[in-house]
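Chemist: The structure follows.
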Amino acid sequence: MKTRIVIIDDHQLFREGVKRILQFEEQFEVVAEGADGREALALVEKYRPDIVIMDINMPHTNGVEATRQLIDTYPDTKVVVLSIHDDENYVMHALKSGASGYLLKDMDADTLVEAVKVVAEGGSYLHPRVTHNLVKEYRRLAAGENKKEAPAKREVCLPLHLLTRRECEVLQLLADGKSNRGIGEALFISEKTVKNHVSNILQKLNVSDRTQAVVVAIKNGWVEVR
């Protein structure tokens, strides 16, 4: 069965671009488009999509409030928020409202497609740059718990008991906020190979998405936050 998608954004040109990208994928079907949060709720009621791609800044009802209302009424519908903001406060507000994904509008087509696929399969997806910012905020808060002592820099200990050396390199680049394309360019490997490495990492760490993998790696001192 195809993944049914509704796109909500007050800029028609941007909506058209997102729609064209998604329609290249046979498993996706864009069933409706809307321009604000109020329209989103009406369209979800009418079409019952699997996923709503929701702009965060819109007139009348913004994306965060619309997501909260939508999830309360239709908990089986997943929301992927679009934003120009990579600040962690925006991200946390979106996630607290029930969003399953957070993408920046300067994303490439591959990131959009990957995010929708991950969310459609029940996972969550954050734009790589957002993930990196959240990781840095996590480290800042963790360090703040011990204000009396300046925390010593933790030595990175590669999890070679779990991952191959190449997978450790990929995990570090995930923590750096690199996209699949960026990782491929850094390691001189194809995006397909990167996707295979990421899938292996998720399976071996027993997590469902990249963000969880990075959080696990940070907690265990397996990567450097730089």
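The values are calculated or read from the model by the stated rules, or taken from the named source; none is laboratory data. This is a predicted model, so every value here is computed, not measured. Backbone-built Cβ (ideal geometry, glycine too); neighbour counts: all protein chains shown. Just the protein is used for accessible areas: all its heavy atoms, side chains included, with ligands, DNA and RNA removed. Shrake-Rupley method; radii C 1.70, N 1.55, O 1.52, S 1.80 Å.
Chemist: I need the peptides 185-193, 7-15 ranked by packing, meaning the mean over residues of other C-beta atoms within 10 angstrom, with the highest value on top.
Modeler: Put in order of decreasing packing, that is 7-15, 185-193.
Chemist: Still on this model: Tell me, in nm to one decimal, what length is gained between residue 224 and residue 24 on full extension, where the rule is 0.36 nm per residue of separation less the Cα-Cα distance?
Modeler: 68.3 nm
Chemist: Can you tell me the accessible area per residue over the chain, all protein chains present, probe 1.4 angstrom, in square angstrom?
Modeler: Values: 12040 Å² over 226 residues.
With all protein chains present, the chain gives 53 Å² per residue.
Chemist: As a quick test, which of the pairs 117/204; 96/178; 2/96; 178/204; 2/117; 117/192 have an alpha carbon distance above 22 angstrom in this structure?
Modeler: 96/178; 2/96
Chemist: Only four residue types carry charge here, +1 at the Cβ of Lys and Arg and -1 at the Cβ of Asp and Glu. Report the dipole size of the chain about the Cα centre in Debye, rounded to the nearest 20.
Modeler: Dipole magnitude for the chain comes out near 800 debye.
Chemist: What does the C-alpha gyration tensor say about the overall shape of region 3-135? Classify as rounded when a/c is under 1.5, otherwise prolate if a/b is larger than b/c, or oblate.
Modeler: Cα axes put region 3-135 in the rounded bin.
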